[in-house]
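Asks: Structure incoming, see below.
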Amino acid sequence: MYEEMQAFAAVVEQSSLNQASKLLNLSQPALSRKIAKLEDELGVTLFNRVGKRLELTSIGRLAYDFAIEQQQQQLKFLQTLAQFKDDTDSAITLGASLTTLQTTLPPLITAFMDNHPHAEIKLVTGKTHEIVSSVRDKQADVGIVASSINEPGLNCLPLFDDHLELVVASTHPLSGQASKMDDLQKMPMITFSKGTWYRKLTDDLFHRSGVMPDIRMEIDSFEAIVRLLPTCKLAALLPKSYLRPQLLADNDLVTVHIPELRQTRRTTCMIYGQKEELSATAKQWIHEIREFFAAKRG
């Protein structure tokens with residue numbers, strides 16, 4: 001009946017079977033049959049035939065109003081459906097290390113979900129080389145890794161530079177002091193667990209500097225480290241990107257400037273395969289994350 005109702009609406013709006021048939025790309029006899037079929041199904045007369053003119057009956061006017069409502073409801077439905085398809089064309093699978101998951105991804109995921117509330121994001125974690133393999137083997141659409149990657153078949157987009165900073169409680173002896181790497185000799189510290197990328201980074205730094213801190217705890221969680229620092233009166237080396245002012249203030253922590261820590265500078269990158277092989281959602285993620293960091297750089 002929907003098709004016949006729309007044909008009926010066209011006749012009313014054109015005030016002519018001939019003009020309506022041209023608009024609908026139908027022959028006039030075919031259009032007349034649609035109107036007759038609609039009247040038969042409804043059991044009412046929609047038009048009074050006055051010579052060659054068609055005049056709407058009172059029930060015909062009611063039927064026309066209903067036909068217009070149908071058109072509006074269909075348009076609204078199709079618009080909603082199109083938006084839904086845009087957001088759920090396919091899920092996106094992101095790969096990241098546990099540390100990157102804690103530091104870099106939360107604001108990115110929040111921003112993306114604000115724009116695409118129906119999108120489905122899946123996460124896989126692993127070490128950098130495992131994330132590279134996941135993207136290369138198409139187990140993940142996009143990877144966020146804390147280093148530059150040169151891998152055949154993969155694109156590597158630099159996002160931002162980062163380096164480690166020394167973090168202590170505001171009551172720590174080093175708080176507010178100009179410091180150097182030698183000050184970390186036998187310093188009670190929390191470090192990341194062995195085998196993690198950040199642990200390798202700090203171990204290499206200590207080795208180059210000839211420093212041997214007093215490692216009291218080995219933990220993988222940024223949040224746990226931050227909460228333990230003031231309680232246990234320890235120090236830790238954490239990435240600058242994680243140390244937001246509000247985080248430091250909420251936990252009564254401060255950073256201590258050590259020039260040598262600039263040596264730990266590394267570039268966090270986004271890696272992905274050939275764009276023509278990516279889903280619409282993955283392409284949108286790449287575009288929006290590129291724009292996100294471009295805006296931050298000004």
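The values are calculated or read from the model by the stated rules, or taken from the named source; none is laboratory data. Remember, predicted model here, so these are calculated numbers, not experimental data. All Cβ positions, glycine included, derive from the backbone under ideal geometry; neighbour counts span all protein chains shown. Quick note on the areas: whole protein, heavy atoms, side chains included, nothing else; ligands and nucleic acids left out. Shrake-Rupley method; radii C 1.70, N 1.55, O 1.52, S 1.80 Å.
Asks: If the requirement is being part of a strand (DSSP E or B) and either open to solvent by 30 Å² or more (accessible area, probe 1.4 Å) or closer than 26 Å to residue 260 by Cβ (or both), which of these qualifies: 174, 123, 201? Talk me through it step by step, then tell me what you get.
Replies: Values: 174 fails: part of a strand (DSSP E or B); 201 fails: part of a strand (DSSP E or B).
On inspection, the qualifying residue turns out to be 123.
Asks: Which of the residues belonging to the stretch 128-169 are farther than 23 Å from residue 107 by Cβ, open to solvent by 40 Å² or more (accessible area, probe 1.4 Å) and touching a Gly at 6+ places or on another chain (Cβ under 9 Å)?
Replies: 130, 136, 138, 139, 153
Asks: Taking helices (runs of 4 or more DSSP H) that fall entirely within the stretch 205-298, which contain at least 1 residues that are surrounded by 14 or more Cβ atoms within 10 Å (Cβ to Cβ), under 19 Å from the mean Cα position of the chain (by Cα) and modelled with pLDDT of 90 or more?
Replies: So the answer is 280-297.
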